[in-house]
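Scroll down for the structure; my scribbles are underneath it.
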Amino acid sequence: MDGGSILETIGVEIIGVMSPVSICMFLVVLIVYTLSSPSSSDNQQVIRTAANLIYLESSSDTTTQKLEGALLNAVVFVVLITLVTFLLVILYYYRFTNFLKYYIRFSAFFVLGSMGGSICLTLIQHFNIPIDSFTFCLLLFNFTILGVISVFSQGVPILLNQMYMVALGIIVAAWFTKLPEWTTWVVLVALALYDLVAVLAPGGPLKMLVELASSRDEELPALVYEARPNVGSRSGNRGPNLGLLLAGFSDGDPIELRVMSSSENVVQNGRGVNEMRSESEDIDGVREVEIEGEMLPLMGSSSNERERPVVNEEIRESNESDRGRVLEREIEEEEERGRGIKLGLGDFVFYSVLVGRAAMYDLMTVYACYLAIISGLGCTLILLAVCRRALPALPISIALGVIFYFLTRLLMEPFVVGTSTNLLMF
């Protein structure tokens with residue numbers, strides 16, 4: 001595929017990925033900005049998670065202590081993620097797929113029910129929403145069960161599946177924003193480097209997992225958001241028609257009609273014409289000729305008349321085989337264009353953590369970080385269209401987001417505030 005066709009087809013895919021990412025980041029910023037205040041951010045209770053097992057940051061610590069503790073936390077967190085990913089590869093290699101599916105379903109149930117319920121309780125207390133415990137538990141239970149069914153079951157509307165995938169990212173990201181500031185930034189940089197190595201390096205766990213799933217022609221055993229999920233992947237079929245028609249982007253025609261309209265109908269029509277022609281020319285070896293206005297039967301007894309059906313049959317088979325190869329080539333091209341872009345749920349989470357942390361400081365910083373992340377994601381998607389292989393989605397976006405955060409906070413924000421207060425810029 002040349003550069004022009006890539007740029008023409010990548011637009012819809014970029015929009016399909018950036019829209020849910022933008023919604024996730026916006027809602028995380030809204031939650032963080034609503035629940036945080038300058039007084040509460042300093043006195044906020046530090047929670048113990050896998051990202052800060054070694055060091056709990058305190059406001060009284062020096063800058064050196066915070067940096068050293070954040071580095072230790074990041075190293076431990078990346079090591080834990082690496083071990084868990086290799087364990088996932090081993091289990092998938094030995095086909096413990098049912099165990100992995102049930103584990104992921106339990107994780108989604110826990111995130112939606114426990115972590116999501118805690119965030120809902122905080123919002124209810126903040127806005128003083130009148131609701132009793134029984135009603136809240138009933139609504140939370142239904143929300144959680146519907147979420148697990150929507151994410152993992154077949155036959156569910158794809159929009160509902162995408163909404164719950166975004167909800168999972170929002171909940172996890174909102175929890176990660178409770179990490180201390182220094183730990184958050186160092187962990188984000190460390191995860192971007194880990195993602196780069198795990199996906200591209202030989203022997204990387206994510207690279208091994210993707211290659212193993214591709215060799216088995218199976219879906220990844222993970223929570224993955226597919227920007228343009230096709231009908232085949234949602235129904236569990238991964239046959240040769242995978243990705244020919246994409247849900248949400250079709251014009252309402254059935255799959256069979258859309259696939260057969262270009263070439264296969266031509267093959268069938270050609271076969272019908274040849275069959276009708278052979279039947280009209282040779283019916284039980286008798287042909288009709290017109291002599292003085294009367295149709296008289298003429299027996300096809302000559303060698304040419306006997307060999308003609310065989311020649312026609314060979315020509316027809318040759319034409320059908322050529323048209324079949326053309327059809328297969330078109331199907332492969334449609335298959336290549338039809339595969340939707342898949343984005344791991346962790347990418348949603350850490351994009352949103354970055355802008356959520358920026359929301360604790362200033363909205364101008366949030367806007368700069370958002371533009372940086374979206375720009376990095378766009379560059380990654382263009383590279384994906386050119387390279388045609390799995391690429392890490394964190395490194396470019398996280399690098400640009402961190403750089404823009406500190407440039408905005410240290411340079412742009414003082415400049416804008418100074419010029420505004422001195423009436424140099426309105």
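For segment 41-145, what does the alpha-carbon gyration tensor say about shape, rounded, prolate or oblate, given a ≥ b ≥ c as the root eigenvalues, a/c under 1.5 as rounded, and a/b over b/c as prolate?
oblate
Provide the packing ranking of 130-139, 413-422, 352-361, 161-170, i.e. peptides ordered by the mean count of other C-beta atoms within 10 Å per residue, highest first.
Ranked from most to least packed, the peptides come out as 352-361, 161-170, 413-422, 130-139.
Ignoring ligands, DNA and RNA, what percent of the accessible area of segment 82-228 is carbon or sulfur (1.4 Å)?
On segment 82-228, the fraction of accessible area on carbon and sulfur atoms equals 72 percent.
Between Asn128 and Val386, what is the label-point separation in nm under the 7 Å Cα-to-beta-carbon projection?
Distance between the two pseudo-spin positions: 5.7 nm.
With a 1.4 Å probe and every protein chain left in place, work out the accessible area per residue of segment 37-166 in Å², rounded to a whole number.
65 Å²
Classify segment 85-224 as rounded, prolate or oblate from the Cα gyration tensor: take a ≥ b ≥ c as the square roots of its eigenvalues, call it rounded if a/c is under 1.5, otherwise prolate when a/b beats b/c and oblate if not.
oblate
Counting heavy atoms of the protein chains only and a 1.4 Å probe, report the per residue accessible area for segment 384-426 as a whole number of Å².
Result: 63 Å² per residue.
The values are calculated or read from the model by the stated rules, or taken from the named source; none is laboratory data. Just so it is clear, the model here is predicted, and its values are computed rather than measured. As a convention, Cβ positions derive from the backbone with ideal geometry for all residues, glycine included, and neighbour counts pool all protein chains shown. Areas reflect the complete protein model, heavy atoms only, side chains present, ligands, DNA and RNA absent. Shrake-Rupley method; radii C 1.70, N 1.55, O 1.52, S 1.80 Å.
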